[in-house]
Amino acid sequence: MLRHFITIRDIPAQTALDLVRRAKEMKETRHVGDVLRGKVLVLIFEKASTRTRISFEVGVRRLGGQCILMTPAESQLGRAEPLKDTARVLSRYSDGMIVRTFGEDKLHQIMRYCAIPVINALTDEGHPCQVMSDVLTMYERHPDLPSLHVAWVGDGNNMANSWIEAAMRFSFSLTLACPEGYDPDAGLLAAANREGARVKLCRDPREAVSGAHYVNTDVWASMGQEIEQRAREKVFRDYRVDADLMRLARPGAAFMHCLPAHRGEEVTEEVFESPASIVFDQAENRLHMQMAIMEWVFS
């Protein structure tokens, strides 16, 4: 049976923790392997990328494989060829797909028609590889993940959704402060509640950040939402992570951001460049976490 990596919620809690531990080991040993020897992976990227693309390409090579990048501008993806046709063709050429796209329905359509593993490199609904990397970043500092309190401040976007799933699998406490009308996925919140996860939604960033070990945020307007930038600036102006907000967190708390950051919007320059900021550790850990995920998918 094919093994895919689509959402954090899809995998058992012990498997998720094993992946984090394996990624830490790979990082510490600067692992170079051969699990992808003789394999070619196709990167289907319908959205622009820096960290996701480069970390996956480097990771594939470190595991002994090769990769090919496909974008709409350089393929029939930009000319409305049905995804099911693309999936069936690529299944005959390659050994796996790493997909960065818009709606998650596209990802499921690819999975339905392909005969090779698929890894979710981002959709509008989730960013599981990023959040798994962020959990690795926390684990390096605090191996007792269930003892942690994580704050999310800002848009209830794909990152927020994946943080909820991470709280469901790693058992840390998560409080999300989102403006009304910009909540995370309601069905996911309900599922977290049913499973007894310590996930709370509020409106006040100060409530979310109070006593937090980690304070996390993202841009106010994600890719595809640029037309809403002006309106979102008004809605989110009280959701900026600044020094005053960070002072409400636990002493020694760290600031997290998946990047790219819009300094002066969701975070101040002072916080972004402060000793509390671990954003570049997060970025580095994309490589190691994705290598662990690929090893698991293809083993």
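The values are calculated or read from the model by the stated rules, or taken from the named source; none is laboratory data. These numbers were taken from a predicted model, which means no experiment stands behind them. All Cβ positions, even for glycine, are placed from backbone atoms using ideal geometry, and neighbour counts span all protein chains on display.
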Search result, residues across region 1-30 that are part of a helix (DSSP H, G or I), crowded, with 18+ Cβ neighbours inside 10 Å and in contact with a helix residue (DSSP H, G or I) (Cβ under 6 Å, 6 or more places away or on another chain): ILE8, ARG9, ALA16, LEU19, VAL20, ARG22, ALA23, MET26, LYS27
Single condition MET168 does not satisfy, out of (1) touching a Phe, Trp or Tyr at 6+ places or on another chain (Cβ under 6 Å); (2) of a type in the set (A, V, I, L, M); (3) in the same structural domain as PHE255 (by TED's automatic domain parsing): (1)
So GLU207, is it under 30 Å from GLY64 (Cβ atoms) and out of contact with any Phe, Trp or Tyr (no Cβ under 8 Å at 6 or more places or on another chain): no
Wholly enclosed helices (runs of 4 or more DSSP H) of region 198-299 bearing at least 2 residues assigned by TED's automatic domain parsing to the domain that holds ARG21 and either buried (at least 22 other Cβ atoms within 10 Å of the Cβ) or not β-branched (Val, Ile, Thr) (or both): 279-298
Extreme residue, farthest from the chain's Cα centre (by Cα), among residues of region 157-193 that are polar (S, T, N, Q) and on the phi < 0 side of the Ramachandran plot: ASN193
LYS47 outside any loop (DSSP other than H, G, I, E, B) and at pLDDT below 95: no
Residue among LYS47, LYS39 that alone is charged (D, E, K, R), surrounded by 15 or more Cβ atoms within 10 Å (Cβ to Cβ) and within 17 Å of ILE116 (Cα to Cα): LYS39
